[in-house]
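A quick write-up on the structure given underneath.
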Amino acid sequence: DGGITQSPKYLFRKEGQNVTLSCEQNLNHDAMYWYRQDPGQGLRLIYYSQIVNDFQKGDIAEGYSVSREKKESFPLTVTSAQKNPTAFYLCASSTGGRGWIDEQFFGPGTRLTVL
Amino acid sequence: AQKITQTQPGMFVQEKEAVTLDCTYDTSDQSYGLFWYKQPSSGEMIFLIYQGSYDEQNATEGRYSLNFQKARKSANLVISASQLGDSAMYFCAMRRGTSYGKLTFGQGTILTVHP
(Lines give C-alpha, C1' and ligand atoms only; values in the text may rest on other atoms or scores of the structure.)
Protein backbone atom coordinates (compact mmCIF):
# COMPACT_ATOMS: atom_id res chain seq x y z
CA ASP A 1 0.00 0.00 0.00
CA GLY A 2 1.19 3.48 -0.86
CA GLY A 3 1.42 6.01 1.90
CA ILE A 4 3.46 8.07 4.30
CA THR A 5 5.10 6.65 7.39
CA GLN A 6 6.39 8.62 10.33
CA SER A 7 8.46 7.29 13.16
CA PRO A 8 8.46 7.14 16.04
CA LYS A 9 4.83 7.70 17.00
CA TYR A 10 5.84 9.08 20.42
CA LEU A 11 9.18 10.67 21.23
CA PHE A 12 10.53 11.97 24.50
CA ARG A 13 13.50 14.26 24.64
CA LYS A 14 15.50 15.88 27.36
CA GLU A 15 16.12 19.58 27.14
CA GLY A 16 19.26 20.39 25.19
CA GLN A 17 19.12 17.29 22.98
CA ASN A 18 18.62 17.20 19.24
CA VAL A 19 16.14 14.68 17.90
CA THR A 20 15.33 13.56 14.37
CA LEU A 21 11.83 12.68 13.19
CA SER A 22 11.56 10.32 10.27
CA CYS A 23 9.23 10.74 7.30
CA GLU A 24 9.12 8.31 4.36
CA GLN A 25 6.72 8.17 1.43
CA ASN A 26 6.27 5.62 -1.36
CA LEU A 27 3.78 7.66 -3.37
CA ASN A 28 6.44 8.88 -5.81
CA HIS A 29 5.61 12.45 -4.79
CA ASP A 30 8.04 15.24 -5.56
CA ALA A 31 7.00 17.62 -2.79
CA MET A 32 7.21 17.01 0.95
CA TYR A 33 6.28 19.16 3.94
CA TRP A 34 6.66 19.35 7.70
CA TYR A 35 3.99 20.93 9.90
CA ARG A 36 3.75 21.55 13.60
CA GLN A 37 0.45 21.40 15.50
CA ASP A 38 0.00 22.70 19.04
CA PRO A 39 -3.00 21.62 21.16
CA GLY A 40 -6.26 23.05 19.85
CA GLN A 41 -4.47 24.86 17.03
CA GLY A 42 -4.11 24.63 13.31
CA LEU A 43 -1.04 23.42 11.47
CA ARG A 44 1.93 25.67 10.86
CA LEU A 45 4.49 25.01 8.16
CA ILE A 46 8.07 24.39 9.27
CA TYR A 47 9.88 23.41 6.04
CA TYR A 48 8.95 22.18 2.59
CA SER A 49 10.76 20.66 -0.34
CA GLN A 50 9.72 20.52 -3.97
CA ILE A 51 12.61 18.44 -5.20
CA VAL A 52 15.56 16.42 -3.99
CA ASN A 53 18.42 18.48 -2.53
CA ASP A 54 16.25 21.58 -2.32
CA PHE A 55 14.06 22.89 0.50
CA GLN A 56 12.63 26.17 1.76
CA LYS A 57 11.80 27.58 5.16
CA GLY A 58 8.20 27.80 6.17
CA ASP A 59 6.62 30.11 8.71
CA ILE A 60 8.30 28.70 11.83
CA ALA A 61 11.67 27.26 10.71
CA GLU A 62 13.77 28.59 13.60
CA GLY A 63 15.23 25.76 15.67
CA TYR A 64 14.55 23.12 13.01
CA SER A 65 16.57 21.65 10.17
CA VAL A 66 15.80 19.26 7.32
CA SER A 67 17.49 17.36 4.52
CA ARG A 68 16.20 15.91 1.25
CA GLU A 69 18.82 13.51 -0.04
CA LYS A 70 16.29 11.04 -1.42
CA LYS A 71 12.94 11.60 -3.07
CA GLU A 72 11.12 9.37 -0.60
CA SER A 73 12.66 10.71 2.61
CA PHE A 74 12.41 14.09 4.39
CA PRO A 75 13.71 13.88 7.97
CA LEU A 76 13.20 16.74 10.41
CA THR A 77 15.69 17.54 13.17
CA VAL A 78 14.46 19.44 16.17
CA THR A 79 17.49 21.17 17.59
CA SER A 80 18.19 22.44 21.09
CA ALA A 81 17.65 25.94 19.71
CA GLN A 82 13.92 25.28 19.44
CA LYS A 83 12.58 26.89 22.61
CA ASN A 84 9.28 25.08 22.87
CA PRO A 85 9.46 21.85 20.86
CA THR A 86 6.67 19.91 22.58
CA ALA A 87 4.05 19.47 19.85
CA PHE A 88 2.52 17.12 17.31
CA TYR A 89 4.52 16.95 14.07
CA LEU A 90 2.93 16.01 10.78
CA CYS A 91 4.69 15.18 7.55
CA ALA A 92 2.91 15.49 4.21
CA SER A 93 3.62 14.95 0.53
CA SER A 94 2.07 15.94 -2.78
CA THR A 95 2.76 15.51 -6.47
CA GLY A 96 4.22 18.99 -6.53
CA GLY A 97 2.04 20.54 -9.17
CA ARG A 98 1.76 17.56 -11.51
CA GLY A 99 -1.75 16.83 -10.28
CA TRP A 100 -4.74 19.08 -10.88
CA ILE A 101 -5.55 19.60 -7.23
CA ASP A 102 -2.20 18.61 -5.70
CA GLU A 103 -3.75 17.80 -2.37
CA GLN A 104 -1.34 16.99 0.40
CA PHE A 105 -1.37 13.51 1.90
CA PHE A 106 -0.42 13.31 5.55
CA GLY A 107 1.38 10.79 7.68
CA PRO A 108 0.10 9.63 11.09
CA GLY A 109 2.26 12.14 12.99
CA THR A 110 4.87 12.08 15.75
CA ARG A 111 4.08 13.43 19.18
CA LEU A 112 7.20 14.98 20.70
CA THR A 113 7.44 15.73 24.40
CA VAL A 114 10.34 17.52 26.00
CA LEU A 115 10.97 16.43 29.58
CA ALA B 1 -0.12 37.63 3.75
CA GLN B 2 -2.76 34.96 3.63
CA LYS B 3 -5.06 34.26 6.53
CA ILE B 4 -7.76 31.70 7.25
CA THR B 5 -10.39 32.29 9.93
CA GLN B 6 -12.65 29.64 11.41
CA THR B 7 -14.87 31.38 13.93
CA GLN B 8 -16.60 28.31 15.37
CA PRO B 9 -14.39 26.58 17.97
CA GLY B 10 -17.01 23.85 18.39
CA MET B 11 -20.20 22.73 16.69
CA PHE B 12 -22.84 20.18 17.64
CA VAL B 13 -25.19 18.40 15.28
CA GLN B 14 -27.75 15.65 15.55
CA GLU B 15 -27.09 12.48 13.60
CA LYS B 16 -28.62 12.56 10.09
CA GLU B 17 -28.88 16.35 10.07
CA ALA B 18 -26.81 18.73 7.96
CA VAL B 19 -24.19 21.06 9.41
CA THR B 20 -22.22 24.02 8.03
CA LEU B 21 -18.69 24.80 9.16
CA ASP B 22 -17.60 28.35 8.45
CA CYS B 23 -14.38 29.48 6.83
CA THR B 24 -13.37 32.94 5.69
CA TYR B 25 -10.10 33.82 4.06
CA ASP B 26 -8.04 36.87 3.30
CA THR B 27 -5.79 37.11 0.27
CA SER B 28 -4.90 39.60 -2.41
CA ASP B 29 -4.17 36.85 -4.91
CA GLN B 30 -6.50 36.15 -7.81
CA SER B 31 -5.39 32.54 -8.07
CA TYR B 32 -5.67 30.30 -5.02
CA GLY B 33 -7.02 26.98 -3.82
CA LEU B 34 -9.15 26.17 -0.79
CA PHE B 35 -9.11 22.84 1.02
CA TRP B 36 -10.95 21.16 3.84
CA TYR B 37 -9.31 18.46 5.94
CA LYS B 38 -10.71 16.24 8.69
CA GLN B 39 -8.61 15.28 11.70
CA PRO B 40 -10.03 12.45 13.86
CA SER B 41 -8.80 11.97 17.40
CA SER B 42 -6.09 9.64 16.08
CA GLY B 43 -4.36 12.65 14.56
CA GLU B 44 -4.06 11.92 10.87
CA MET B 45 -5.27 14.53 8.39
CA ILE B 46 -7.79 13.38 5.80
CA PHE B 47 -8.39 15.43 2.65
CA LEU B 48 -12.11 16.08 2.05
CA ILE B 49 -12.71 18.61 -0.70
CA TYR B 50 -11.05 21.26 -2.87
CA GLN B 51 -12.23 24.49 -4.52
CA GLY B 52 -10.15 26.48 -6.97
CA SER B 53 -10.61 30.24 -7.12
CA TYR B 54 -11.56 30.03 -10.80
CA ASP B 55 -14.01 27.18 -10.39
CA GLU B 56 -17.46 28.45 -11.24
CA GLN B 57 -19.36 25.65 -9.56
CA ASN B 58 -19.26 24.71 -5.91
CA ALA B 59 -17.26 21.56 -5.25
CA THR B 60 -19.01 18.41 -4.05
CA GLU B 61 -17.63 15.09 -2.82
CA GLY B 62 -20.25 12.66 -1.62
CA ARG B 63 -21.80 14.10 1.56
CA TYR B 64 -19.42 17.05 1.51
CA SER B 65 -20.04 20.24 -0.41
CA LEU B 66 -18.29 23.57 -0.37
CA ASN B 67 -20.36 26.76 -0.36
CA PHE B 68 -17.93 29.08 -2.15
CA GLN B 69 -18.76 32.79 -2.11
CA LYS B 70 -15.81 34.49 -3.73
CA ALA B 71 -16.95 38.07 -3.23
CA ARG B 72 -17.43 37.46 0.48
CA LYS B 73 -14.22 35.41 0.65
CA SER B 74 -15.92 32.51 2.33
CA ALA B 75 -15.63 28.77 1.73
CA ASN B 76 -17.98 27.01 4.10
CA LEU B 77 -18.08 23.21 4.35
CA VAL B 78 -21.50 21.59 4.36
CA ILE B 79 -21.82 18.04 5.63
CA SER B 80 -25.15 16.46 4.82
CA ALA B 81 -26.71 13.55 6.72
CA SER B 82 -24.19 13.67 9.57
CA GLN B 83 -22.85 10.38 10.92
CA LEU B 84 -21.28 9.58 14.27
CA GLY B 85 -17.99 9.01 12.47
CA ASP B 86 -18.00 12.64 11.35
CA SER B 87 -17.07 13.71 14.89
CA ALA B 88 -13.61 15.21 14.46
CA MET B 89 -11.66 18.44 14.06
CA TYR B 90 -12.12 20.13 10.69
CA PHE B 91 -9.59 22.48 9.14
CA CYS B 92 -9.96 24.93 6.31
CA ALA B 93 -6.74 25.68 4.41
CA MET B 94 -5.62 27.86 1.53
CA ARG B 95 -2.88 27.56 -1.03
CA ARG B 96 -1.47 30.42 -3.06
CA GLY B 97 -1.89 29.68 -6.71
CA THR B 98 -3.77 26.78 -8.19
CA SER B 99 -0.87 24.36 -8.37
CA TYR B 100 1.94 23.39 -6.05
CA GLY B 101 2.39 25.41 -2.89
CA LYS B 102 2.32 25.42 0.87
CA LEU B 103 -0.93 25.45 2.82
CA THR B 104 -2.06 28.01 5.37
CA PHE B 105 -4.46 26.49 7.91
CA GLY B 106 -7.23 27.92 10.05
CA GLN B 107 -7.58 27.17 13.76
CA GLY B 108 -10.09 24.40 13.20
CA THR B 109 -13.62 23.56 14.32
CA ILE B 110 -14.43 20.59 16.53
CA LEU B 111 -17.58 18.87 15.32
CA THR B 112 -19.52 16.59 17.63
CA VAL B 113 -22.30 14.44 16.21
CA HIS B 114 -24.92 13.35 18.73
CA PRO B 115 -26.95 10.14 18.25
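Please state which of the following conditions A:Gly63 fails to meet, knowing it meets all the rest: (1) within 15 Å of the chain's Cα centre (by Cα); (2) under 30 Å from B:Gly10 (Cβ atoms); (3) more than 11 Å from chain B (Cβ to nearest Cβ); (4) surrounded by fewer than 17 Cβ atoms within 10 Å (Cβ to Cβ).
(2)
Checking A:Asn28 against (1) away from chain B (no Cβ under 11 Å); (2) at pLDDT 95 or above, which test does it fail?
It is condition (2) that A:Asn28 fails.
Scan region A:72-93 for residues that are within 15 Å of A:Gln6 (Cα to Cα) and assigned to a loop (DSSP other than H, G, I, E, B) and jot them down.
A:Glu72, A:Phe74, A:Pro75
Of all the residues that make up region B:54-67, how many are more than 13 Å from every other protein chain (Cβ to nearest Cβ) and either part of a loop (DSSP other than H, G, I, E, B) or crowded, with 20+ Cβ neighbours inside 10 Å (or both)?
5
Check off (1) within 26 Å of B:Ala81 (Cβ to Cβ); (2) assigned to a strand (DSSP E or B) for B:Glu44 and give me the number that stays unchecked.
(2)
Here is a yes/no grid of residues against (1) more than 18 Å from A:Arg44 (Cβ to Cβ); (2) among the hydrophobic types (A, V, I, L, M, F, W, C); (3) at the interface with chain B (Cβ under 7 Å from one of its Cβ atoms):
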residue	(1), (2), (3)
A:Ser73	yes, no, no
A:Leu76	no, yes, no
A:Thr79	no, no, no
A:Pro85	no, no, no
A:Gly96	yes, no, yes
A:Phe106	no, yes, yes
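What residue, of A:Gln50, A:Gln56, A:Gln17, is more than 14 Å from every other protein chain (Cβ to nearest Cβ) and either assigned to a strand (DSSP E or B) or under 21 Å from A:Ser80 (Cα atoms) (or both)?
A:Gln17
Here's the yes/no breakdown for (1) surrounded by fewer than 19 Cβ atoms within 10 Å (Cβ to Cβ); (2) without any contact (Cβ under 8 Å) to a residue 40 or more places away in the chain; (3) polar (S, T, N, Q):
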{"position": "B:Thr5", "(1), (2), (3)": "yes, no, yes"}
{"position": "B:Phe12", "(1), (2), (3)": "yes, no, no"}
{"position": "B:Tyr32", "(1), (2), (3)": "no, no, no"}
{"position": "B:Ser42", "(1), (2), (3)": "yes, yes, yes"}
{"position": "B:Ile46", "(1), (2), (3)": "yes, yes, no"}
{"position": "B:Tyr50", "(1), (2), (3)": "no, yes, no"}
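Might you let me know whether region B:82-90 holds any residue that is exposed (fewer than 14 other Cβ atoms within 10 Å of the Cβ) and more than 28 Å from A:Tyr89 (Cβ to Cβ)?
Yes, region B:82-90 contains a residue that is exposed (fewer than 14 other Cβ atoms within 10 Å of the Cβ) and more than 28 Å from A:Tyr89 (Cβ to Cβ).
Let me spell it out: the conditions are (1) at pLDDT below 95; (2) of a type outside the set (Asp, Glu); (3) within 26 Å of B:Gln39 (Cα to Cα), and A:Ser73 meets all of them except one. Which number is the exception?
In the conditions (1) at pLDDT below 95; (2) of a type outside the set (Asp, Glu); (3) within 26 Å of B:Gln39 (Cα to Cα), A:Ser73 misses (1) alone.
The values are calculated or read from the model by the stated rules, or taken from the named source; none is laboratory data. Because the structure is predicted, anything quoted here is derived from the model rather than measured. Every residue, glycine among them, receives a Cβ derived from its backbone with ideal geometry; neighbour counts consider all protein chains shown.
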